[in-house]
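K.L.:
Take a look at the following structure, please.
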Ligand SMILES: *Cc1c(COP(=O)(O)O)cnc(C)c1O
């Protein structure tokens, strides 16, 4: 087919390619784990959100298989018509209890949870105050609401206070502060105790997207607010990262919030119910998380060892303790080159560059997992040191 519209798209793609910004997908032929098979080769995998190593865990696979045997494959319905199974309510209640909330509601993904959250809860009389580095799904969700929108610089409490003052001066009826618990490109945590204090002073509510924390931050993996000794009013999260890595998202919060989302959230009302394999495996993931001190200990041991090794080799890291550990390189092409070199050496990582991160802050984002062994990490450290010297990143 030819059409001027398609010529226009082809030119756009050529521009992306000319800028060295084309993203290419590698074909994995094994389960997701600490090592994966790509193009017939086993490589160490440092770029999955598989924090607790549950993505190929036998208990989840068993639970999923059992659920397919006794609850079938799919629901072929949205929840409110004829798509709610006992497993859905069991998982919602379990998530709520685990997170210390009154209730929870499942979505097909956290992208949908964030996309559907703001529009039903906030009207034009209200305001939402959002961190500048919030996940794309929060930004999109806020755009879909009619509330006044204010933004503050990443993790800047003074900026937040200014925005809250402005929202109140503008006569906002209700104010909702929205933040990621952990910023996924940097591995940094939101200053939640300070955010809570400001929210209380201004009579605002706090929404935290805890996709990169639920299951492993906090004493029992409850997430960033508990880890930092505070609380959120509304939490969103995913089953697609630490909690098994498959698919599914949720909102947890006060009963009226959840009840209204069940009536009005568009991605909930107009999209299919999660399948039994996913909901049952979600429950099995929470069993492992609640008994998961050893998995969390291994994850954070790995993160400490990996950070120390990269620092000793001379790489520039963003300081912290989170298992997201970005190696800062600056230049987009350099991040691509470094990732390619590492792949040749048997280490699978991805370069991150504009538009995923700001111009000039390209990086290789490494992520630790309980599925990685000490031997995997030491082999990967060796590869990083070599690739760093070969690309001129290290002297
Ligand atoms: C991954 C992620 C999402 C999207 O989650 P899905 O369940 O994969 O749609 C939303 N917010 C944040 C902060 C994330 O990291």
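K.L.:
Can you work out which of the residues in region 356-369 that are assigned to a loop (DSSP other than H, G, I, E, B) and within 17 Å of the chain's Cα centre (by Cα) is farthest from residue 328 (Cα to Cα)?
P.N.:
Ranking the qualifying residues of region 356-369, first place goes to 369.
K.L.:
While we're looking at this one, here's another question. Tell me which of these residue 36 doesn't satisfy, since it passes every other one: (1) part of a loop (DSSP other than H, G, I, E, B); (2) within 23 Å of the chain's Cα centre (by Cα).
P.N.:
Going through (1) part of a loop (DSSP other than H, G, I, E, B); (2) within 23 Å of the chain's Cα centre (by Cα) one by one, residue 36 breaks only (1).
K.L.:
Considering only residues that are closer than 30 Å to residue 371 by Cα and surrounded by fewer than 24 Cβ atoms within 10 Å (Cβ to Cβ), look in region 193-219 and name the one that is farthest from the chain's Cα centre (by Cα).
P.N.:
Checking each candidate, the answer is 219.
K.L.:
Sort through 12, 22 and tell me the only one that's under 29 Å from the mean Cα position of the chain (by Cα) and outside any helix (DSSP H, G or I).
P.N.:
None of the others qualify; the one that does is 22.
K.L.:
Continuing with this model, one more query. Out of curiosity, is residue 190 within 16 Å of the ligand (Cβ to nearest atom) and at negative phi?
P.N.:
Criteria met by residue 190.
K.L.:
Taking the residues in region 233-244 that are within 12 Å of the ligand (Cβ to nearest atom) and in contact with a strand residue (DSSP E or B) (Cβ under 9 Å, 6 or more places away or on another chain) as candidates, determine which candidate is farthest from residue 112 (Cα to Cα).
P.N.:
So, considering only residues that are within 12 Å of the ligand (Cβ to nearest atom) and in contact with a strand residue (DSSP E or B) (Cβ under 9 Å, 6 or more places away or on another chain), the one farthest from residue 112 (Cα to Cα) is 243.
K.L.:
Is one or more of the residues making up region 156-177 within 16 Å of the ligand (Cβ to nearest atom), at pLDDT 95 or above and surrounded by fewer than 19 Cβ atoms within 10 Å (Cβ to Cβ)?
P.N.:
Within region 156-177 (the criterion being within 16 Å of the ligand (Cβ to nearest atom), at pLDDT 95 or above and surrounded by fewer than 19 Cβ atoms within 10 Å (Cβ to Cβ)), the answer is no, since none of the residues qualifies.
K.L.:
Let me ask another. Which of the residues belonging to region 245-254 are away from the ligand (no atom under 14 Å from the Cβ) and surrounded by fewer than 24 Cβ atoms within 10 Å (Cβ to Cβ)?
P.N.:
254
K.L.:
Also, I was wondering about something else. I'd like to know if region 95-102 contains one or more residues that are free of Cβ contacts under 8 Å to residues at least 40 places away in the same chain and either under 23 Å from residue 251 (Cβ atoms) or touching a helix residue (DSSP H, G or I) at 6+ places or on another chain (Cβ under 9 Å) (or both).
P.N.:
Yes, there is a match, as at least one residue in region 95-102 is free of Cβ contacts under 8 Å to residues at least 40 places away in the same chain and either under 23 Å from residue 251 (Cβ atoms) or touching a helix residue (DSSP H, G or I) at 6+ places or on another chain (Cβ under 9 Å) (or both).
K.L.:
Let me ask something else. Within the group 87, 121, 54, which residue is buried (at least 20 other Cβ atoms within 10 Å of the Cβ) and within 16 Å of the ligand (Cβ to nearest atom)?
P.N.:
Every option except 54 fails the conditions.
K.L.:
Scan region 14-40 for residues that are on the phi > 0 side of the Ramachandran plot and without any contact (Cβ under 8 Å) to a residue 24 or more places away in the chain and jot them down.
P.N.:
Those that are on the phi > 0 side of the Ramachandran plot and without any contact (Cβ under 8 Å) to a residue 24 or more places away in the chain: 39, 40.
K.L.:
Take residue 257 and decide whether it is farther than 20 Å from residue 292 by Cβ, in contact with a strand residue (DSSP E or B) (Cβ under 7 Å, 6 or more places away or on another chain) and within 16 Å of the ligand (Cβ to nearest atom).
P.N.:
no
K.L.:
Which of the residues that make up region 204-232 are away from the ligand (no atom under 11 Å from the Cβ), without any contact (Cβ under 8 Å) to a residue 40 or more places away in the chain and either out of contact with any strand residue (DSSP E or B) (no Cβ under 9 Å at 6 or more places or on another chain) or over 22 Å from residue 303 (Cα atoms) (or both)?
P.N.:
Of everything in region 204-232, those that are away from the ligand (no atom under 11 Å from the Cβ), without any contact (Cβ under 8 Å) to a residue 40 or more places away in the chain and either out of contact with any strand residue (DSSP E or B) (no Cβ under 9 Å at 6 or more places or on another chain) or over 22 Å from residue 303 (Cα atoms) (or both) turn out to be 205, 206, 218, 219, 229, 230.
The values are calculated or read from the model by the stated rules, or taken from the named source; none is laboratory data. Because the structure is a prediction, the values reported are computed rather than measured. Cβ atoms come from the backbone with ideal geometry, glycine included; neighbour counts cover every protein chain shown.
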